[in-house]
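Structure, as structure tokens:
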Amino acid sequence: MESTTTSLPLPARSEQVAQALAAAGIPGTVRQLADSTRTAAEAAAALGCEVGAIANSLVFLSDGQAVLVLTSGRHKVDTAALAARWGRGKLRRATPEQVREATGQAIGGVAPTGHPAPLPTVVDQALTDYPRVWAAAGTPHTVFPTTAEELLRLTGGTLLPVGPDED
């Protein structure tokens, strides 16, 4: 069962995401939910969808810069395999402070867009298995519907498998 959508004005961070979506011609509308979407499981429960249809926005550091990995909620990122596929140096999880510095958003609500500057991005190939995916919209209570193809266009990202043994 889907969580109820609140009719409150969008938080400033989510408004930035909504503006970035509109500027990119992405039709998904930012929704503010009563339930938390901080984790993929919470988001899937709140939206009434499979956990794999949740596009987690994870920030890593690689080669001295922040990078974004949009991964399906159905699995974890294999950082060594992804770094090799992507042709980058070692990937290590960013700290909460580094995530906020790179994206302007807090962990649990990081959107694929609306950041101070674009980040090198990978979109998980597994997201193409779903006709509609949901991504965070700048806070742990806001999301928007999209597709893997729209995420690629929105971020200028690269489509790659991010889990283990997906070559």
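The values are calculated or read from the model by the stated rules, or taken from the named source; none is laboratory data. Since the structure is predicted, the reported quantities are computational estimates derived from the model, not experimental observations. Every residue, glycine among them, receives a Cβ derived from its backbone with ideal geometry; neighbour counts consider all protein chains shown. Just so you know, the surface numbers come from the protein's heavy atoms only, side chains and all, with ligands and any DNA or RNA stripped out. Shrake-Rupley method; radii C 1.70, N 1.55, O 1.52, S 1.80 Å.
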- prompt: If you go through region 49-65, how many residues are open to solvent by 10 Å² or more (accessible area, probe 1.4 Å) and closer than 20 Å to residue 117 by Cα?
  reply: 7
- request: Take region 86-106 and flag every residue that is β-branched (Val, Ile, Thr) and without any contact (Cβ under 8 Å) to a residue 12 or more places away in the chain.
  value: 95
field: Single unsatisfied condition, residue 114 versus (1) in contact with a Gly (Cβ under 8 Å, 6 or more places away or on another chain); (2) open to solvent by 40 Å² or more (accessible area, probe 1.4 Å); (3) touching a residue at least 24 places away in the same chain (Cβ under 8 Å)
entry: (2)
task: Give me the pairs, please: first residue somewhere in region 66-85 and surrounded by 19 or more Cβ atoms within 10 Å (Cβ to Cβ), second residue anywhere and part of a strand (DSSP E or B) and acidic (Asp, Glu), beta-carbon distance under 8 Å, and either six or more positions apart or on two chains.
output: 69/124; 70/124; 71/124; 72/124
task: Could you please find all residues in region 119-142 being open to solvent by 10 Å² or more (accessible area, probe 1.4 Å) and among the aliphatic types (A, V, I, L, M)?
output: 119, 136
message: Quick check on region 69-91. Is at least one of its residues assigned to a helix (DSSP H, G or I) and aromatic (Phe, Trp, Tyr)?
response: yes
- line: In region 48-86, anything aromatic (Phe, Trp, Tyr) and farther than 22 Å from residue 106 by Cβ is listed as 86
- prompt: Name the residues in region 35-48 that are assigned to a loop (DSSP other than H, G, I, E, B) and either in contact with a His (Cβ under 9 Å, 6 or more places away or on another chain) or open to solvent by less than 40 Å² (accessible area, probe 1.4 Å) (or both), would you?
  reply: 35, 36, 37, 38
- request: Please indicate, with yes or no, whether at least one residue in region 100-113 is in contact with an Asp or Glu (Cβ under 7 Å, 6 or more places away or on another chain) and not charged (D, E, K, R).
  value: no
message: Return the pair list, or none, for Cβ contacts closer than 7 Å from residues in region 18-42 that are among the hydroxyl-bearing types (Ser, Thr, Tyr) to residues that are open to solvent by 30 Å² or more (accessible area, probe 1.4 Å) and assigned to a loop (DSSP other than H, G, I, E, B), at least 6 apart or on different chains.
response: 36/141; 37/141
query: Do we have residue 57 as in a strand (DSSP E or B) and either out of contact with any Ser or Thr (no Cβ under 7 Å at 6 or more places or on another chain) or at pLDDT below 85 (or both) here?
result: yes
